[in-house]
1. Provide the per residue accessible area, probe 1.4 Å, for the chain, rounded to a whole number of square angstrom.
2. Just how much of GLU43 is accessible, in Å², when a 1.4 Å probe is used and the result is rounded to the nearest 10?
3. Return the label of the correct value of Kirkwood radius over Cα pairs in Å, as calculated from the structure shown, out of [x] 12.3; [y] 16.0; [z] 14.9.
4. Taking only Cα atoms and a 10 Å spring cutoff, compute GNM fluctuations for the chain and point out the largest among LEU52, LEU63, LEU44.
5. Stretch SER34-ILE18 to full length: gain in nm at 0.36 nm per residue minus the Cα-Cα span?
6. When the accessible area of the chain is computed with all protein chains present and a 1.4 Å probe, what percentage of it is carbon and sulfur?
7. Build a GNM of the chain with springs between Cα atoms under 10 Å: which of LEU59, LEU31, LEU17 gets the top mean-square fluctuation?
8. Hey, what number do you get for the chain at 222 nm if only DSSP H runs of n ≥ 4 count, each worth -39500 (n - 2.57), divided across all residues, to the nearest 500?
Amino acid sequence: MATTTDALGYEQARDELIEVVRRLEAGGTTLEESLALWERGEELSKVCRRWLEGARARLDAALASEEEAGAAEGAAEGAEEAS
């Protein structure tokens, strides 16, 4: 299991998180191991959340840019028709 989350991509973090959850659900670990797994799962969850929030921000920015371009194009067409 990786120890750093800095360089993990979304898919890597997600896959490792799935493995952590699987191990916790399977049981058979000591309390100390379970706590370590839980902490790792929390770290991985944060990595996934940051990736998803970043993707959402990029999508929102792209959609806003597209809407602005459409509005500007509509305004230009309206100005041409008025002349």
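The values are calculated or read from the model by the stated rules, or taken from the named source; none is laboratory data. These numbers come from a predicted model, not from an experiment. Accessible surface areas use protein heavy atoms only, side chains included; no ligands, DNA or RNA. Shrake-Rupley method; radii C 1.70, N 1.55, O 1.52, S 1.80 Å.
1. Working: 6410 Å² over 83 residues.
Value for the chain: 77 Å² per residue.
2. 80 Å²
3. [y]
4. So, out of LEU52, LEU63, LEU44, the one fluctuating most is LEU63.
5. 4.3 nm
6. On the way: 3500 of 6410 Å².
Its accessible area is 54 percent carbon and sulfur atoms.
7. Looking only at LEU59, LEU31, LEU17, the largest GNM fluctuation is found for LEU31.
8. Helix-only estimate at 222 nm: -30500 deg cm²/dmol.
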